[in-house]
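Undergrad: Below you will find the structure I want to go over with you.
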Amino acid sequence: MPSRLSDAFRAHPDFTSLQELPDSYAWNQRDDFPCGDAFVTESESVSESVPIIDLNDPNALQGIGYACKTWGVFQVINHGVPTSLLDMVECTSRTLFSLPVQQKLKAARSPDGVSGYGFARISSFFSKLMWSEGFTIVGSPDEHFRQLWPQDYNNYCDVIKEYKEAMKKLAGRLMWLVLGSLGIIAKQDVKWAGPKGDFNEATAALQLNYYPACPDPDRAMGLAAHTDSTLLTILYQNNTSGLQVLKDGARWVTVPPVPGGLVVNVGDLMHILSNGSYQSVLHRAMVNRTRHRLSIAYLYGPPNSVKISPHPKLVGPTHPPLYRPVTWNEYLDTKAKHFNKALSSVRVCVPLNGLVDVNEHNNSVRVG
Ligand SMILES: C=C1C[C@]23C[C@H]1CC[C@H]2[C@@]12CCC[C@@](C)(C(=O)O1)[C@H]2[C@@H]3C(=O)O
Ligand SMILES: O=C(O)CCC(=O)C(=O)O
Ligand SMILES: [Fe+2]
């Protein structure tokens, strides 16, 4: 596989206009799923769908608890983020990916950097290329947007900033709902939520994804199966489906776009914080023969100084902590090195001292 972004683009300067799928983009099923020999089929059952939670519903908390426990993902409606803002960020993203390749490469992510234009970070773990382009924004978009649009980057930056603000507010709300569903309700139980309990110091990245229409979608992969290294991820997808989640370690279930809805998924840090009660969900993005697809992921995590560990309220003599404390940065480094083994690499060995029912937690080991 070409080791650098520019090498890949040199081989296929604009893969979006190819009429045939080059071998470097043709995936075998085995290339995808990290646990290669698992029997994974596409779900045929229509009755099985990712829960939709109305945030105005007084029972939202229970619904979220159920969704986190059984799916690791749910969609939210009536979330308070205006449709006009979703439209604007989609439009900004579309404009960005429509730029000529050479222009986009001016904002290419540096080999050891995080922000900028390029393949998904996980690309290096796979022998095949993914049928997508990405743009990662950490902190302010100013610098990279100035490289893309030297004249008029300001308006685009404003849209991104407004979107990040709206997402931050929603993520704080969702955090209390998810924590509440675990029985963590008091502000003082999560010190880093800050004096107002609004998670003001939380950090986040924005990942814009673009999946061009593809001549051979059945053999291509938009974004390979992964879990996010986040507490929560809030994903906006345009009106073309492609996102799939793995249910019960056995079936891929499509998460259809719901007008005005947002997908929320449990990330690895929430998996750790909940001591394995809420498992991070394995997901991937498929591509389409005639339609391109856009998605925008808000990757939400704790402040950099905070170590995330299983919450004391969820730990006790019969429930030992299953993970060691980690900061988000440490975890991202681990993920960059070990990918789908990252979570198990921060798992602590549970002593077999009779206090623990070893079977109790067996089902919490899935990824890695
Ligand atoms: C804050 C984050 C979270 C990152 C790394 C860094 C910036 C980009 C994020 C993603 C976005 C695409 C999937 C993923 C798996 C990837 O390759 O890059 C994510 C990764 C993670 O969740 O680990
Ligand atoms: O495009 C999608 O639906 C998934 C994107 C995703 O998983 C990510 O950006 O982490
Ligand atoms: Fe993801």
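Undergrad: Provide the FRET efficiency to the nearest 0.05 for the ASN78-SER98 pair, computing r from the beta carbons and using R0 = 25 Å.
TA: Taking R0 as 25 Å, the efficiency between ASN78 and SER98 is 0.20.
Undergrad: Using every pair of alpha-carbon atoms in the chain, split the distances into 10 Å bins beginning at 0 and state the percent of pairs per bin, rounded to integers.
TA: Pairs per bin, as whole percents: 5, 24, 35, 26, 9, 2, 0.
Undergrad: Could I ask something else about it? Want the number for THR290 to SER24: 0.36 nm per residue separation, take away the alpha-carbon distance, what's left? Spell out each step's value before the answer.
TA: On the way: separation 266, 0.36 × 266 = 95.76 nm, distance 2.08 nm.
Fully extending the segment from THR290 to SER24 adds 93.7 nm.
Undergrad: Something else about it: Kyte-Doolittle cut-off -0.5, length cut-off 27 Å along the helix's own axis using Cα: show which whole DSSP H helices in the chain pass. Walk me through the numbers before you get to the answer.
TA: Details: long enough: 153-181 (41 Å, -0.21).
Qualifying helices: 153-181.
Undergrad: Another question, then. Starting from the 7 Å offset along Cα-to-Cβ, what nm value, one decimal, do you get for the label separation of SER241 and CYS91?
TA: 2.8
Undergrad: Above 18 angstrom, tally the Cα pairs of segment 124-245 and express them as a % of all pairs, no decimals. Can you show the working numbers first?
TA: Numbers: 4805 of 7381 pairs.
In whole percent, the long-distance tail amounts to 65.
Undergrad: According to a simple spin-label model (label point 7 Å from Cα along Cα-to-Cβ), what is the distance in nm between ILE122 and THR70?
TA: Output for this residue pair reads 2.5 nm.
Undergrad: May I ask for the equivalent-ellipsoid semi-axes of segment 169-304, computed as the square root of five times each C-alpha gyration tensor eigenvalue and listed largest first in whole Å? Provide the component values of the computation, followed by the final result.
TA: Working: eigenvalues 188, 49, 28 Å².
Largest first, segment 169-304 gives 31, 16, 12 Å.
Undergrad: To the nearest 0.05, what FRET efficiency results for ALA186 and ALA336 with a Förster distance of 41 Å applied to their C-beta separation? Present the calculation step by step, with values, prior to reporting the outcome.
TA: Values: r = 35 Å, r/R0 = 0.86.
Taking R0 as 41 Å, the efficiency between ALA186 and ALA336 is 0.70.
Undergrad: Nearest 500 deg cm²/dmol is fine: what mean residue ellipticity at 222 nm does the chain get from its DSSP H runs of n ≥ 4 alone, each adding -39,500 (n - 2.57), divided by its residue count?
TA: Details: 10 runs with 99 residues, N = 368.
One gets -8000 deg cm²/dmol as the mean residue ellipticity at 222 nm.
Quick note: the coordinates plus some simple rules give every number you see, no bench work behind them. None of these values were measured; they are calculated from a predicted model. Glycine also receives a Cβ, built like all others from the backbone with ideal geometry; neighbour counts cover every protein chain displayed.
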